[in-house]
1. Would you mind getting the Kirkwood hydrodynamic radius of the protein assembly as shown from its Cα pairs, rounded to one decimal in Å?
2. Per residue of A:100-108, count partner chain C-beta atoms within 10 Å of its C-beta, then hand back the mean as an integer.
3. Please compute how much accessible surface disappears when A pairs with B, both sides summed, using a 1.4 Å probe, and round it to the nearest 100 Å².
4. Could you check how much of the accessible area of region A:226-285 is carbon and sulfur, as a whole percent, using a 1.4 Å probe?
5. Grab the Cα-Cα distance for A:Ala118 and A:Arg235, subtract it from 0.36 nm times how many residues apart they are, and report the gain in nm with one decimal.
6. Using a 1.4 Å probe on the protein heavy atoms, what percent of the accessible area of region B:140-260 belongs to carbon and sulfur?
7. Report, ordered by chain and residue number, the lysines lying within cross-link reach of A:Lys43, taken as a straight Cα distance under 28 Å and ignoring same-chain residues fewer than 8 apart.
8. For A:Asp164 and A:Asp57, FRET efficiency with R0 = 35 Å and r from the beta-carbon atoms, rounded to 0.05?
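The values are calculated or read from the model by the stated rules, or taken from the named source; none is laboratory data. Keep in mind the model is a prediction, meaning the values are calculated, not measured. Virtual Cβ from ideal backbone geometry, glycine too; neighbours counted across all protein chains shown. Surface areas here come from the heavy atoms of the whole protein model, side chains and all, with no ligands, DNA or RNA. Shrake-Rupley method; radii C 1.70, N 1.55, O 1.52, S 1.80 Å.
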Amino acid sequence: MPDAITVSELARSYGAVRAVRGISFTVGRGEIFALLGPNGAGKTTTLEILEGFRGRDAGQVEVLGFDPADRATGRVLRERIGLVLQDIAVEPYLTVRETLARNAGYYPAPRDVGEVIALAGLAGQERTKVRNLSGGLKRRLDLGLGLIGDPDLLFLDEPTTGFDPSARRDAWQIVRGLRGCGTTILLTTHYMDEAQALADRVAVMSGGRIVARGTPADLGGRDSAQARIRFALPRGYAAADLPTGATAVAGDGLVTVRTSAPTETLHQLTGWALDRGLTLDRLTVDRPSLEDVYLGLTGTAAAEDPVERSDR
Amino acid sequence: MSTATSRASRRDLALVWHQIRYEQLSFWRNPQSAFFTFVFPVVIITLFGAMFGGVGRSSYFYGLSALQYYVPTIAAVSVLGACYSQLAIVLSTRRQNGMLKRVRATPLPAWAYFLGLLAHCLVVSVVDIALIVGVGRLFGVPLPTQWAAAGAALVLGAASFCALGVAVASVIRNAEAAPAVVQLVLFPLVFISGTYLPIHSGVLDRIAGWLPVRPFNQALLGSFAQHTGVDWKDLGVLLAWGAAGALVAVWRFRWDPRAG
Ligand SMILES: Nc1ncnc2c1ncn2[C@@H]1O[C@H](COP(=O)(O)OP(=O)(O)OP(=O)(O)O)[C@@H](O)[C@H]1O
Ligand SMILES: [Mg+2]
């Protein structure tokens, strides 16, 4: 089966700001793919090019076999995709049910309105005017509007931003449920744990480029394969005196030793200290968390060209 | 093939009807928009009724009584409000808060969305005119005589002023500026077109005759009170302005709040 989305060498600038600089990826049918990255990384720009809202400067894009920039096929494509945009905007004076029923009328074979209300976690709010919904409930309605047309492909731009932790879990549950129905999903997020909880594959974006990609386990695994041993350097000794070789001393006075064989390395270090009657104060052994991996990836990429870094 | 086409067009027809219903629902639910659209013209015609109710036929009002003159001109200005002003403001607000972009995210075709709005504006205009004619009747103004000509003028005028409203919404970027821009264009036009005071200046009348408001006033005056039927030149000028507005709208209209 052909891929649901293919993107190759996609680029887009806004004046001098090069928001997307030649990215490529594919999303298979039924797959959940996450674009992960900090503010201004170019996630929304990428998504909105795929959704047909924005033009592109260079590269090839195909969504369910269509070019989203082609106006002639726009309606057919939109009948098959669902969109949850980054900003919330819903008609304030209609009720939840009316809003969903209105949009259902736009699609040839919509989902049942009651079913979507249940799916989006809006049961009991059917007759509430949209203006009286809390921010999180509005976002759920937004999600419901993305689902109402029973799409083959769903775009979610930061679907859980502004959710409380339990609403976030609920939203994850909805997304997993959709995967069960065979819906392909492309989502963006700032949160590593969200990408890890939902996505089959992740691309980490920073400064308009994809700086890492893989399954959530791969991404986490790359650097967490290395254990990190940290301790305060004994007085009168330099990092170069250590038997294992060590990175420089950090601002907090701790040295870090990275190793893929922590048992041996630790033995060498403690042996070295005991031989000299020293103690290794504040000794810890740990592995970088996913969050550390993510910060490492996006931090270095952004630092490569500080001029073009967004302050949004 | 032809059955498929007819099925598709039946679906489109149902779609437009669906859109009109929800456009109406949103409007009537919003207390502000419903209030301002109807209250202003009704207050004006009631005030004029109280002030000029006793002013009989005079050459100043082209041989009509004051209220016979004002019922059609205030009806015209209420259509301007319901179509031109309302659309320009509603569309720029909806664009700014992202609601237009949401519409664009669905398969609803642009033409169906705009047909829904046009039908909505027409409904509001008809209600407005009925209210104004009703108040006029209370002050003894006879009902309009030439319904067909009045209907033709109304439909053409409403469509043209809707097109101009969309054009203005296409040109202004900022929703906060919309009411000011709308009034800035409308006020002098309404004034020189004799809406509130008959203009007895050949030069001014000729200039205003080529702008959109006066021809609409004249078309309603002719069919409501003067029994002169359809004036093709007036309708032609209206149509030309409507077409110009539609061109600007098609060329410049944006759904996205952000440029790009
Ligand atoms: N319409 C626009 N006009 C000008 N610059 C823009 C526009 N849209 C985005 N940008 C810029 O392009 C860059 C990428 O923006 P984009 O919105 O794609 O990032 P993002 O990854 O979605 O960020 P966030 O996490 O904050 O939503 C930013 O520097 C942003 O300021
Ligand atoms: Mg974004």
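1. Averaging 1/r across every pair of different Cα atoms and inverting gives 28.1 Å.
2. Numbers: counts 0, 2, 9, 7, 1, 9, 11, 3, 2.
The per-residue average across the peptide is 5.
3. Values: alone 15290 and 13280 Å², together 25950 Å².
Interface area, both chains combined: 2600 Å², rounded to the nearest 100.
4. Details: 1800 of 3550 Å².
C and S atoms contribute 51 percent here.
5. Working: separation 117, 0.36 × 117 = 42.12 nm, distance 6.41 nm.
So the extension gain works out to 35.7 nm.
6. Values: 4300 of 5870 Å².
About 73 percent, which is the carbon plus sulfur part of the accessible surface.
7. Cross-link targets: A:Lys138, B:Lys101.
8. Values: r = 39 Å, r/R0 = 1.12.
The formula returns an efficiency of 0.35 here.
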